[in-house]
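J.: I'd like to ask some things about the structure below.
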Amino acid sequence: MGTESIAAAADVTTGIRLRNISKSFGKTRVLENFSLDVYQGELCCLLGPSGCGKTTALKIVDGLLEPDNGQVFLENQDITRLSPQRRKLGMVFQNYALFPQMDVFENIAYGLRRRKAPASDITNRVSKVLDIVRLADYERRRVYELSGGQQQRVALARALVIEPRALLLDEPLSNLDARLRADMRQEIKRIQRHLGITMVYVTHDQEEAMSIADRIVVMNQGEVEQIGLPREVYEDPKTRFVADFIGRINFIPVERNSSSFRMFGNSYTLPGEFSGAGHTDVIGAVRPERIRLTRDDASMPAALVRDVFFIGAAVRYRLEPVDSTKNMEIEAEAYVPEEVFEKGQRVGLVIEPKDIKLFPK
């Protein structure tokens, strides 16, 4: 089911809408006619390499940057020219931006005090949000007494306590170690589901995006490459950039004719979108886990095992196809394999047609 069908089936409304946003810094164009709809109550990840424009887009939503062109809407209200304070959005920064001279309670209460909220209201709301982020007994701790994960929770609580219309997160876990990142991203997802709040989450970490996002927006050079469910962008990448950026993949030269193509000596039917004279040069792409290894058999393509890597539940192989004249190497992965092949062994390659993607070369 495509993202449009999902939206229609759930009768969702748009929480944040960006229309034709462009932004340059000097002569460098960072965003070019960037448009995006973030559904109300979803966790939408902006994913891409450094410099692709994802943080710039987030800051334009928050009002920290003004676009050169285009409009920003929040729940159908045009907020393009509103100050950040009037947008009532929560923002969690990469460096947390906590006040070291204040304890946890005062860090969280800061935004409420700036808004001149009554003292009793501040106490109740801070207590409530501390429960949500599971820091109920930490309100009088100093920032320097907290672990990285606890500091991240305080930053999250401070953004939530003002009851924002949406929450924006800019690389919020990049300062944490790998284990703590894995724990915290699940906490963020738990909180998002508990509150039903719209979140826009910026990251360059594909595993992070894949594990928590309702939808992923893959960005490259200021433009959208693909929008979809995590499974969609992984299993059905629409561009070579997306295929290469999301997960591991082998790009394999193919020989193409009018109606078919050959890979490692096997012939496959050419998809209709690549028929005709406009796509004379194409390249194949196969995920490592979609290549099945067997004992060498003359009836199938063969490869030599150059290296074997044990990575927990999987075994990763570096292979050299026997019939390749280009000194090519590919990767294959087997999860909980029945048989582990050895370095130097000759093996058979089994690749199903449905697992081969083609892209313009």
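J.: Would you please name the residue that is nearest to the chain's Cα centre (by Cα), looking only at residues in region 328-361 that are without any contact (Cβ under 8 Å) to a residue 24 or more places away in the chain and within 30 Å of residue 238 (Cβ to Cβ)?
T.: 354
J.: With respect to the numbered conditions (1) assigned to a helix (DSSP H, G or I); (2) touching a residue at least 12 places away in the same chain (Cβ under 8 Å); (3) of a type in the set (Asp, Glu); (4) farther than 16 Å from residue 355 by Cβ, which one is the sole condition not fulfilled by residue 225?
T.: Checking residue 225 against (1) assigned to a helix (DSSP H, G or I); (2) touching a residue at least 12 places away in the same chain (Cβ under 8 Å); (3) of a type in the set (Asp, Glu); (4) farther than 16 Å from residue 355 by Cβ, the one that fails is (1).
J.: A further question on this structure: So if I check each of 225, 289, which one is over 22 Å from residue 330 (Cα atoms) and either small (Gly, Ala, Ser) or surrounded by 13 or more Cβ atoms within 10 Å (Cβ to Cβ) (or both)?
T.: Exactly one residue qualifies, and that residue is 225.
J.: What are the residues in region 288-301 that are at pLDDT below 90, closer than 17 Å to residue 263 by Cβ and aliphatic (A, V, I, L, M), if any?
T.: 300
J.: Next up: Could you tell me how many of the residues in region 4-27 are in a loop (DSSP other than H, G, I, E, B) and modelled with pLDDT of 90 or more?
T.: Within region 4-27, residues that are in a loop (DSSP other than H, G, I, E, B) and modelled with pLDDT of 90 or more number 2.
J.: Take residue 240 and decide whether it is in contact (Cβ under 8 Å) with a residue 24 or more places away in the chain, over 11 Å from the mean Cα position of the chain (by Cα) and crowded, with 17+ Cβ neighbours inside 10 Å.
T.: So residue 240 passes the test.
J.: If you don't mind, another one. Give the residues of region 27-54 that are basic (Lys, Arg) and surrounded by 14 or more Cβ atoms within 10 Å (Cβ to Cβ), sorted by residue number.
T.: 29, 54
J.: Right, something else. When the residues of region 284-304 are filtered to those that are charged (D, E, K, R) and outside any strand (DSSP E or B), which remaining residue is nearest to residue 357 (Cα to Cα)?
T.: 287
The values are calculated or read from the model by the stated rules, or taken from the named source; none is laboratory data. Predicted model, so just to flag it, every value in this text is computed and none were measured. FYI the Cβ positions are ideal-geometry reconstructions off the backbone, even for glycines, and counts take in every protein chain you see.
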